[in-house]
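Bear in mind these aren't lab numbers, they're just calculated from the coordinates by the rules spelled out. Computed from a predicted model, the values in this text were never measured in an experiment. Don't worry about glycine lacking a Cβ; one is built from the backbone with ideal geometry, like all the others, and counts go over all protein chains shown.
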Amino acid sequence: MSWFTAHAISIVTFLPLLGAMVIAFVGRDRGSLIRRLALVFSLLTFLGTLGLYWKFDVGRAGMQFEEFRLWIKEPQSTTTWGSMDSACC
């Protein structure tokens, strides 16, 4: 499993948020820079979704691109999120 496949859902989810935070710190009077940054973060997010599209296996049922993280150590609480084939359920 590649690094992208292991973190694809997080990248596609949080990259626009990172872009918004970066743009928030740019001065209002720098409109052209804001537009360029918005375009860059939008294109990066789009490329990430293309990666998800190409690596999605339609022949495999169940969760794909699943991320599993230990959220709270004691008591053990975890979070899992990923992409699921809608035809399976």
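Worth pointing out:
- Given R0 = 30 Å, the distance between the Cβ atoms of Leu18 and Arg60 translates into a calculated FRET efficiency of 0.50.
- For Leu50 and Ser32, the difference between the fully extended length at 0.36 nm per residue and the C-alpha to C-alpha distance is 3.8 nm.
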